[in-house]
Amino acid sequence: MRHLDSIDRKILQRLKIDARMSNAKIASEVGLSASACLRRIQMLEQQDVIRGYTILLGQESGNQSMAVIINISLEKQTETQFQKFEAAVRRHPEIQECFLMTGESDYMLRVNAESGPDFERIHNDVLSKLPGVQRIHSSFSIRNVLTSRSRATSAG
């Protein structure tokens, strides 16, 4: 993989703010031709620097899900235990993100739950059955402060 230069980082910053920004607008803002900018974006995708694009649904869409951040401590901190846990996590699409951590917890996970009963199902059927789990600590989000980043950035 090649080293990311300042132009690559500028492109990535604009895409993080608004992944639907046109290639022509990104090119103009970073000082490239549209074709050169498109080549760079395609290269960033091929190198897995950009792994995908997503949408964030507002409350108006009927999407009432809440993000739940879960800290998990394992019974043992061995390579074998980590491998078993991580393999099991990959089999559960309910788990959106999983980070190996330093500090008090071994892993931090993010799941989206539609309701309290939905999270209870995830907790009982998924989280508590992951191998080697000693402790589960869950925190429910109130609001994602960065969801409106592109509106706040473009308005300011």
Exercise for the section: Would you pull out the residues with amide H under 5 Å of residue 74's amide H, same chain only if 5 or more places away, H placed 1.01 Å from N? Expected result: 106, 134
Practice task
Starting from the residue with the highest accessible area, list 98, 37 in decreasing order, probe 1.4 Å.
Solution key: 98, 37
Handout entry: Accessible heavy-atom area order of 8, 18, highest first, probe of 1.4 Å
Key = 18, 8
Problem - Inter-site label distance for residue 45 and residue 81 at 7 Å from Cα along Cβ, in nm - result: 4.2
Fill in the blank from the handout: For residue 102 the rounded accessible area (nearest 10 Å², probe 1.4 Å, non-protein molecules ignored) is 130
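Using heavy-atom solvent-accessible surface (probe 1.4 Å) with all chains present, what is the largest-first order of 11, 17, 142?
Result, largest first: 142, 17, 11.
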Practice task
Within the stretch 65-151, list the GluC sites (Glu not before Pro) lying in a DSSP loop whose Cβ has at most 11 other Cβ atoms in a 10 Å radius.
Solution key: 104
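Quick check on the chain: helices-only [θ] at 222 nm, where DSSP H runs of length 4 and up contribute -39,500 (n - 2.57) each and the sum goes over total residues. Nearest 500, please.
-12000 deg cm²/dmol
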Completion exercise
Reported to the nearest 10 Å², residue 130 has, with a 1.4 Å probe, an accessible area equal to 10
Handout entry: For residue 10, solvent-accessible area (1.4 Å; no DNA, RNA or ligand), Å²
Key = 90
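Given the chain, what whole percent of its Cα pairs are spread farther than 22 Å?
57
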Practice task
Calculate how steeply helix 116-125 sits against the longest principal axis of the alpha-carbon atoms of the chain, using the helix alpha-carbon long axis, and give the answer as 0 to 90 degrees to the nearest 10.
Solution key: 70
Handout entry: Normalised contact order of the chain, rounded percent, pairs of Cα under 8 Å and 6 or more residues apart
Key = 25
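The values are calculated or read from the model by the stated rules, or taken from the named source; none is laboratory data. None of these values were measured; they are calculated from a predicted model. Quick reminder, even Gly has a Cβ in these numbers, built from the backbone with ideal geometry, and neighbours come from all protein chains shown. Heavy atoms of the whole protein, side chains included, go into the accessibility calculation; ligands, DNA and RNA do not. Shrake-Rupley method; radii C 1.70, N 1.55, O 1.52, S 1.80 Å.
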